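This report concerns only the one structure given below.
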Amino acid sequence: MKNLKTGSNLEKVFESGNFAVTAELGPPKSIDAEIIRKKAGYLRGYVDAVNITDNQTAIVRMSSIAAGLLAIKEGLEPIIQITCRDRNRIAIQSDVLGASALGIKNILALSGDHQKFGNHPGTKNVFDIDSIQLIGILSEMRDKKIFQNGEEIKNSKNAPPAAPEIYIGGAANPFGDPLEFRPVRLAKKINAGADFIQTQCIYDMERFSLWMEKIRERGLHTKIKIMAGVTPLKSAGMARYMRDSVAGLTIPDYYIERLSKAEDPVSEGLAICVEQILELKKIEGLSGIHIMAIEWERKVPEIVDAAGLYPRPEV
């Protein structure tokens, strides 16, 4: 593995040709660091890196950088999320410098959920830049060692550059319309400098397969590492809510019917998730799985093991 951009564990897993596994770790809505430690205990050894969300669904939580540092102390490699909703380009670049100085090597660039969905709906959003511009800024900070305004990242005129080393991720929604535009948007993120992509959670396999077909037609799968997102369902009610309330998400009726008829909906939901992963692993162009077990981190080891993805490689 030569010419690694950061040497992060996630990058090494990808470059070694292994099928990567990441999971989501949601920070607490308080200063209770024990929650991070408890969740880390479930995930340690079963994933290659963990996504630390950035005030997901626009609800105030512990910062992703602070939670990421706690995750490092618990033996996990964080992928901190940075959204464009809450900070302008000055604050974002400042946070990137701080995160890199603390040893955080992976960043996922996101637009961020609109504040009206959260617990401060009257908040004034920022959106100084969008997620594609954020990827471009991260790329130039790393590769050109410059800030967005063109200044070199160094303390004085004669000092050497001291730029962040970051592995850059973005998100993709294969289920947005029109379908033909989705590969174009992914190509823009690749051109901006993204190294890997994590997708929206997948239930409609037919649509996702069609999206991947269009990705392969453009050869985009050879230019970026694509991770397919999965979210285990706990009940038919959860499935209906996600189908009806989460924009850009499609859940086929047969999954809802299957959960409704199950004697143990929780076990059935986990079985569905494992079946999805096994099917996704067969799709050409995929480099990994991202498990979004919403506040259900304790089930991730069971999913990873049942899908034949344990033990994780040491690289």
Consider segment 101-136. How many of its residues are closer than 15 Å to Gln81 by Cβ and assigned to a helix (DSSP H, G or I)? 3
Within the set of pairs 6 or more residues apart or between chains, which connect a residue that is at positive phi inside segment 111-133 to a residue that is assigned to a loop (DSSP other than H, G, I, E, B) with Cβ atoms less than 6 Å apart? Gly112/Cys84; Gly112/Arg85; Phe127/Cys84
With the requirement that a residue be assigned to a strand (DSSP E or B), in contact with a helix residue (DSSP H, G or I) (Cβ under 8 Å, 6 or more places away or on another chain) and of a type in the set (Gly, Ala, Ser), what does segment 185-230 give you? Ala228
Name the residues in segment 231-274 that are within 30 Å of Ile168 (Cα to Cα), out of contact with any helix residue (DSSP H, G or I) (no Cβ under 8 Å at 6 or more places or on another chain) and either among the acidic types (Asp, Glu) or assigned to a helix (DSSP H, G or I) (or both), would you? Met242, Ser245
Give just the number: which of (1) among the basic types (Lys, Arg); (2) modelled with pLDDT under 95; (3) under 23 Å from Gly17 (Cβ atoms) does Arg243 not satisfy? (3)
Residue by residue through segment 221-234, note down the ones that are closer than 21 Å to Gln56 by Cβ and either in contact (Cβ under 8 Å) with a residue 60 or more places away in the chain or surrounded by fewer than 19 Cβ atoms within 10 Å (Cβ to Cβ) (or both). Met227, Ala228, Gly229, Val230, Thr231, Pro232, Lys234
Do you know which residues across segment 13-26 are farther than 21 Å from Val230 by Cβ and out of contact with any Pro (no Cβ under 8 Å at 6 or more places or on another chain)? Glu15, Gly17
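Residue-by-condition table, conditions (1) buried (at least 22 other Cβ atoms within 10 Å of the Cβ); (2) in contact with a Leu (Cβ under 6 Å, 6 or more places away or on another chain); (3) touching a residue at least 24 places away in the same chain (Cβ under 8 Å); (4) more than 16 Å from Ile289 (Cα to Cα):
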residue: Ala192; (1), (2), (3), (4): no, no, yes, yes
residue: Tyr203; (1), (2), (3), (4): yes, no, yes, no
residue: Gly219; (1), (2), (3), (4): no, no, no, yes
residue: Gly248; (1), (2), (3), (4): no, no, yes, yes
residue: Glu257; (1), (2), (3), (4): no, no, no, yes
A careful count of residues in segment 1-49 that are touching a Phe, Trp or Tyr at 6+ places or on another chain (Cβ under 8 Å) and among the aromatic types (Phe, Trp, Tyr) gives 2
Where the second residue is assigned to a helix (DSSP H, G or I) and among the hydroxyl-bearing types (Ser, Thr, Tyr) and the first is under 14 Å from Phe208 (Cβ atoms) and touching a residue at least 60 places away in the same chain (Cβ under 8 Å) and lies in segment 268-285, which pairs have Cβ atoms under 7 Å and are six or more apart or on separate chains? Ile283/Ser209
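The values are calculated or read from the model by the stated rules, or taken from the named source; none is laboratory data. Remember, predicted model here, so these are calculated numbers, not experimental data. No Cβ is skipped: glycine too gets one built from the backbone with ideal geometry, and neighbour counts run over all protein chains shown.
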